[in-house]
Amino acid sequence: MAEHNLLGQQGENLASSFLTGKGYRILERNWRSGKHEVDLIAEHGKQLVIVEVKTRSSDQHGQPEDSVKKGKRGKLIKAANAYVLSRNLALDIRFDIVSVILHTSGKPFIHHIQEAFYPTLHDRPY
């Protein structure tokens, strides 16, 4: 497995443990619908939480969560819709990002951003 894939897998494992420790129930890991993938799908209270995990070895090039741009958000929204339809769910949906920095010299830094973005009906706000 390529080094960046191992880094991502480590980050997803840490994010999953972190969320479980906060009372989230992990329903799916790396769930796919066609070409779209969701890193973690969790349930927290009465909400379905779609989680994008971004892992880096440092913050030298900015924060990991900054790389979740419009295109990625759109893919997550499409995958979330497919998941809800496939499971016939009636839960509120929330989109979170878990940012993980795996510093080589110590403890990983985990930043959980709840409601990181909201789905919109149009690409343009007008």
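Could you say whether any residue in the stretch 19-35 is surrounded by fewer than 17 Cβ atoms within 10 Å (Cβ to Cβ), over 18 Å from Phe117 (Cα atoms) and either in contact (Cβ under 8 Å) with a residue 60 or more places away in the chain or in contact with a His (Cβ under 6 Å, 6 or more places away or on another chain) (or both)?
yes
Could you tell me whether the stretch 43-57 includes any residue that is charged (D, E, K, R), within 19 Å of Thr120 (Cα to Cα) and out of contact with any Gly (no Cβ under 9 Å at 6 or more places or on another chain)? Don't jump to the end; show me each part of the working.
Of the residues in the stretch 43-57, the ones charged (D, E, K, R) are 43, 46, 52, 54, 56.
Restricting the remaining residues to those that are within 19 Å of Thr120 (Cα to Cα) gives 52.
Still in the list and also out of contact with any Gly (no Cβ under 9 Å at 6 or more places or on another chain): 52.
Looking for residues that are charged (D, E, K, R), within 19 Å of Thr120 (Cα to Cα) and out of contact with any Gly (no Cβ under 9 Å at 6 or more places or on another chain), one finds at least one in the stretch 43-57, hence yes.
Quickly run through the stretch 57-92 and pick out the residues that are under 19 Å from Ser16 (Cβ atoms) and hydrophobic (A, V, I, L, M, F, W, C).
If the condition is that a residue be under 19 Å from Ser16 (Cβ atoms) and hydrophobic (A, V, I, L, M, F, W, C), then Val68, Leu76, Ala79, Ala80 are the ones that fit.
For (1) outside any loop (DSSP other than H, G, I, E, B); (2) touching a His at 6+ places or on another chain (Cβ under 9 Å), each residue gets a yes or a no:
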{"position": "Gln60", "(1), (2)": "no, no"}
{"position": "Lys75", "(1), (2)": "yes, yes"}
{"position": "Tyr83", "(1), (2)": "yes, no"}
{"position": "His103", "(1), (2)": "no, no"}
{"position": "Lys107", "(1), (2)": "no, no"}
{"position": "Ala116", "(1), (2)": "yes, no"}
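Counting only residues that are in a strand (DSSP E or B) and farther than 25 Å from Gly106 by Cα, how many does the stretch 17-39 have?
Adding up the residues that qualify gives 12.
Can we say Leu6 is surrounded by fewer than 16 Cβ atoms within 10 Å (Cβ to Cβ) and either in contact with a helix residue (DSSP H, G or I) (Cβ under 7 Å, 6 or more places away or on another chain) or more than 18 Å from Tyr118 (Cα to Cα) (or both)? Before the answer, list the steps.
Values: surrounded by fewer than 16 Cβ atoms within 10 Å (Cβ to Cβ): yes; either in contact with a helix residue (DSSP H, G or I) (Cβ under 7 Å, 6 or more places away or on another chain) or more than 18 Å from Tyr118 (Cα to Cα) (or both): yes.
Yes; evaluated as a whole, the condition is true for this residue.
Answer yes or no: is there a residue in the stretch 91-104 that is without any contact (Cβ under 8 Å) to a residue 40 or more places away in the chain and either surrounded by fewer than 18 Cβ atoms within 10 Å (Cβ to Cβ) or not polar (S, T, N, Q) (or both).
Checking the stretch 91-104: not a single residue is without any contact (Cβ under 8 Å) to a residue 40 or more places away in the chain and either surrounded by fewer than 18 Cβ atoms within 10 Å (Cβ to Cβ) or not polar (S, T, N, Q) (or both).
Rule-based calculations on the coordinates, nothing more; no lab input. From a predicted model like this one, the values you see are computed outputs, not experimental measurements. Heads up, the Cβs are rebuilt from the backbone with ideal geometry, glycines too, and the neighbour counts pull from every protein chain shown.
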